[in-house]
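Take a look at the structure set out below.
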Amino acid sequence: MFIYRYPTTGDQIGTCPEMSTDDTNTAIAAAQRSLTYFKHTAPKDRAKILRRWFDLMHTHQETLARILMYENGRPISGARQEISYAASFFGWFVGEAERSYGYTATGGAPGNRVITIQQPVGVVGVLTTWNFPSAMITRKVGGAIAAGCSVVLKPAAETPYSALALADLGERAGGPHGVFNVVTTDRHVSDVGKAITTHEDVKKISFTGSTRVGKLLMAQASTTMKKCSFELGGNAPFIVFNDADLSKTMQGLLAGKFRGSGQTCVSPNRIYVQSGIHDTFLAEFARQVKSLIKAGSVEDERMTLGCMINAKAREKVEHLVQDAKGKGASAILGGERKPDSPQNFFPATILRDMTPEMEASRTEIFGPVATVYRFYTEEDVVRQANHSEVGLAAYIYTDNLAVAWRVAEALQVGMTGINTGIVSDPAAPFGGVKESGFGREGGRHGIEEFQNSKVCVCF
């Protein structure tokens with residue numbers, strides 16, 4: 001067994017089975033056995049399982065939210081929002097299960113017909129992180145189940161019970177034994193991950209996490225030429241032009257920056273504000289953060305900012321803030337912890353006068369720290385925004401639609417929000433470019449990632 005802890009205090013809140021590579025192989029064997037019949041089930045029957053799973057998540061939303069709150073340290077209001085968001089992927093894939101079409105084409109020779117069908121890829125290995133412990137699972141598993149695949153999931157050691165609770169509801173929804181398997185571990189994370197990525201019966205890997213770990217897993221998966229989709233790190237630019245609606249801009253920025261205490265891969269990381277409104281923007285941003293971002297007990301319905309997941313995450317954010325301040329940035333809000341703060345808490349912080357030489361410019365902050373840069377021209381901001389090894393999400397605020405589309409097409413990212421701070425939606429293909437990974441989750445792509453195309457040529 002291993003201990004997992006409440007992020008706010010570091011206190012033990014539970015124990016979980018410490019599973020091994022032998023347990024992992026047992027789970028893979030169960031998934032392979034179930035696949036032999038599950039891949040032949042009718043799409044409408046898989047849709048029924050997902051529909052019941054969706055309904056059960058809403059029925060038990062409060063329980064799931066409280067599990068998430070204690071594991072992840074997110075305020076209860078935000079935890080409820082995640083459960084609703086997580087369930088929406090099962091709702092989306094209810095329809096996608098029955099909309100998985102092949103196609104027919106006329107071949108090059110007379111009387112020749114080319115028929116393409118979609119088939120489940122096989123056993124899927126899913127590895128997830130802690131920052132969205134429910135939604136990260138449902139948007140992967142929903143597509144896999146809709147396609148007719150079986151799954152072996154290794155959740156983050158920080159948030160195992162969110163995964164186990166979903167597995168319990170999956171069984172109640174009618175999911176056949178062995179179709180959805182969960183392997184929990186803390187001390188054997190690398191060994192269990194390698195057992196999944198290298199096992200010959202696992203045909204697909206779906207991973208969310210850091211770029212560094214993604215590269216390692218891709219190398220392991222290449223030994224058996226597995227199909228992979230990786231959603232890795234981000235460094236999202238948030239671009240505000242002179243003509244932007246400041247009220248709408250603030251609404252989107254507050255929602256995107258401080259959700260989950262800034263611990264999201266699509267969180268606005270570099271906030272670029274055009275020179276004509278730069279000072280006005282900073283004053284209004286500071287005013288709204290003071291007014292609307294509330295920290296306190298995660299069980300308080302009014303709170304919007306929780307703790308960091310652990311001390312290591314908090315220390316990283318502290319280092320980035322100190323590095324920026326040492327190189328000329330200044331904090332107009334926050335910037336350091338109070339002595340009586342909970343051990344993993346870091347306050348909402350706004351840094352101004354940021355420059356590309358600061359570590360926070362090149363690093364995914366993953367915390368409640370907003371860094372603000374001044375820019376002058378469209379060409380200037382596109383160049384700065386694209387100066388990154390990763391490219392997951394970006395945000396553009398302007399009333400000029402021509403500028404919005406031009407910049408959106410020029411940015412080297414997988415997702416762009418135009419006058420909105422939220423890009424996540426079950427109908428949207430979620431994923432990035434460059435070192436943010438490859439593959440997509442959600443949209444029609446969300447089921448295709450778990451399928452192989454087979455061509456039948458008929459004369």
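Residues in the range 319-366 that are of a type in the set (A, V, I, L, M) and either assigned to a loop (DSSP other than H, G, I, E, B) or free of Cβ contacts under 8 Å to residues at least 12 places away in the same chain (or both): Ala329, Ala348, Met354, Met358, Ile365. Listed conditions (1) touching a Phe, Trp or Tyr at 6+ places or on another chain (Cβ under 6 Å); (2) over 30 Å from Val121 (Cα atoms) are all met by Ala283, apart from (1).
Residues in the range 259-276: is at least one more than 29 Å from Ser436 (Cα to Cα) and touching a strand residue (DSSP E or B) at 6+ places or on another chain (Cβ under 8 Å)? Show your work before the answer.
Here is the first cut: in the range 259-276, the residues more than 29 Å from Ser436 (Cα to Cα) are 275-276.
Among the residues that remain, those that are also touching a strand residue (DSSP E or B) at 6+ places or on another chain (Cβ under 8 Å) are: 275.
Yes, that holds for at least one residue.
The C-beta contact set for the range 63-90 (first residue not assigned by TED's automatic domain parsing to the domain that holds Ala146, second residue basic (Lys, Arg), distance under 9 angstrom, 6+ apart or interchain) is empty. Looking across the range 313-352 at every residue that is at pLDDT 95 or above and of a type in the set (Lys, Arg), the one that is nearest to Leu282 (Cα to Cα) is identified as Arg352. Scanning the range 56-76 for residues that are touching a Lys or Arg at 6+ places or on another chain (Cβ under 9 Å) and of a type in the set (Ser, Thr, Tyr) gives no hits. Per the conditions (1) surrounded by fewer than 18 Cβ atoms within 10 Å (Cβ to Cβ); (2) out of contact with any Phe, Trp or Tyr (no Cβ under 8 Å at 6 or more places or on another chain); (3) in a helix (DSSP H, G or I), the sole criterion not satisfied by Phe258 is (1).
Looking across the range 112-127, the residues that are in a strand (DSSP E or B), more than 32 Å from the chain's Cα centre (by Cα) and not charged (D, E, K, R) come down to Val114, Ile115. When Glu62 is tested against (1) buried (at least 17 other Cβ atoms within 10 Å of the Cβ); (2) of a type in the set (Asp, Glu); (3) farther than 27 Å from Gln451 by Cα, exactly one condition is not met: (1). Here Ala283 meets each of (1) under 25 Å from the mean Cα position of the chain (by Cα); (2) at pLDDT 95 or above; (3) surrounded by fewer than 17 Cβ atoms within 10 Å (Cβ to Cβ); (4) not β-branched (Val, Ile, Thr) with one exception, condition (1).
Helices (runs of 4 or more DSSP H) wholly in the range 367-459 with at least 2 residues that are within 21 Å of Phe230 (Cα to Cα) - which ones? Full working, then the answer.
Details: elements: 378-386, 401-410, 445-448.
So the answer is 445-448.
Restricting to the range 416-443, and then to whatever is closer than 14 Å to Phe93 by Cα and of a type in the set (A, V, I, L, M, F, W, C), can you tell me which residue is surrounded by the most Cβ atoms within 10 Å (Cβ to Cβ)? Step by step, filter the range 416-443, then rank; the result is Ala428.
Residue-by-condition table, conditions (1) in contact (Cβ under 8 Å) with a residue 40 or more places away in the chain; (2) buried (at least 24 other Cβ atoms within 10 Å of the Cβ):
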{"residue": "Ser206", "(1), (2)": "yes, yes"}
{"residue": "Val213", "(1), (2)": "no, no"}
{"residue": "Ser222", "(1), (2)": "no, no"}
{"residue": "Ser229", "(1), (2)": "yes, no"}
{"residue": "Gly234", "(1), (2)": "yes, yes"}
{"residue": "Ala244", "(1), (2)": "yes, no"}
{"residue": "Thr264", "(1), (2)": "yes, no"}
{"residue": "Asn269", "(1), (2)": "yes, yes"}
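Here Arg52 does not qualify as basic (Lys, Arg), in the same structural domain as Val126 (by TED's automatic domain parsing) and closer than 21 Å to Val192 by Cα.
The values are calculated or read from the model by the stated rules, or taken from the named source; none is laboratory data. No experiment lies behind these values; they were computed from the predicted model shown. Quick reminder, even Gly has a Cβ in these numbers, built from the backbone with ideal geometry, and neighbours come from all protein chains shown.
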